[in-house]
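The values are calculated or read from the model by the stated rules, or taken from the named source; none is laboratory data. Bear in mind the structure is a predicted one, so any value in this text is a computation, not a measurement. Every residue, glycine as well, gets a Cβ built from its backbone with ideal geometry; the counts of neighbours run over all protein chains shown.
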Amino acid sequence: MRNYIATNRASVLQGLLTMAGPAFILVAFVGCGGNRVVNMEENAKIKATSLEKKDLVNPYGPSASPSKAITRSEIKTVDTYGRESMDDAITCLARTIYWEARGQDGRVMQAVANVVMNRLHGGGFSDTICGIVKEGNEKKGCQFSWWCDGRPDSAQEGKPYEAAKEIARKALNRQLKDLTRGALYFHGRRVRPIWEKEFIRTVRIDGLSFYRPSMRTLK
């Protein structure tokens with residue numbers, strides 16, 4: 001065997017490289033792919049921050065330009081399994097859409113996103129999406145009950161969360177029509193909040209009623 005290898009060193013080496021080649025290519029591909037996913041996620045979050053700041057001026061202004069808009073590929077890489085910490089606009093908005101409208105149709109999910117975006121623009125609330133979602137606590141009353149109901153906040157179902165992320169992407173890109181007519185609040189069919197009579201109901205969408213302040217409330 002030694003004599004054969006010594007005599008045919010070139011052909012043996014070529015054979016080994018031929019067999020090892022796919023493995024090296026696979027390792028290189030996986031490595032590059034991992035970096036690409038990380039870069040896409042970071043890029044999406046940077047875009048979201050930029051769009052969030054512009055939303056303070058007008059959340060329903062012109063859609064973000066193609067070069068600055070969050071893409072579908074980018075949104076899929078952010079919080080893939082619904083378990084990441086709530087520290088970026090995409091995750092905060094998507095998780096709110098998911099928990100407030102999970103199992104309902106796209107119009108309801110879109111309307112929940114509208115309310116968050118209206119608050120970002122309307123004043124009197126935090127100037128970031130995560131700040132809006134996390135406002136209040138169990139003693140003072142959370143703005144969004146899912147945030148402090150004592151239950152795990154991680155998304156439990158893949159497809160509904162993917163749908164929520166896609167709606168969040170469109171909201172941040174200013175690609176959503178406001179179905180709520182400027183609403184800042186909403187509640188379910190079985191809920192009768194004490195503030196209901198002080199606000200103007202703008203629309204009902206399936207099981208949710210949406211409200212905006214009246215002129216009297218604003219004084």
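At-a-glance table
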{"quantity": "Residues of the range 67-112 that turn out to be touching a Ser or Thr at 6+ places or on another chain (Cβ under 6 Å) and in a helix (DSSP H, G or I), as a count", "calculated": "1"}
{"quantity": "Hits in the range 182-200 (condition: under 28 Å from Lys47 (Cβ atoms) and assigned to a loop (DSSP other than H, G, I, E, B))", "calculated": "Gly182, Ala183, Leu184"}
{"quantity": "Residues satisfying the stated conditions in the range 137-174, i.e. surrounded by fewer than 15 Cβ atoms within 10 Å (Cβ to Cβ) and modelled with pLDDT of 90 or more", "calculated": "Lys159"}
{"quantity": "Subset of the range 81-115 (residues that are without any contact (Cβ under 8 Å) to a residue 60 or more places away in the chain and under 13 Å from Lys170 (Cβ atoms))", "calculated": "Met109"}
{"quantity": "Any hit, the range 176-196, residues being farther than 22 Å from Glu135 by Cβ, in contact with a Gly (Cβ under 7 Å, 6 or more places away or on another chain), modelled with pLDDT of 95 or more and surrounded by 12 or more Cβ atoms within 10 Å (Cβ to Cβ)", "calculated": "no"}
{"quantity": "Counted residues, the range 39-96 - those being charged (D, E, K, R), loosely packed, with under 15 Cβ neighbours inside 10 Å and modelled with pLDDT of 95 or more", "calculated": "3"}
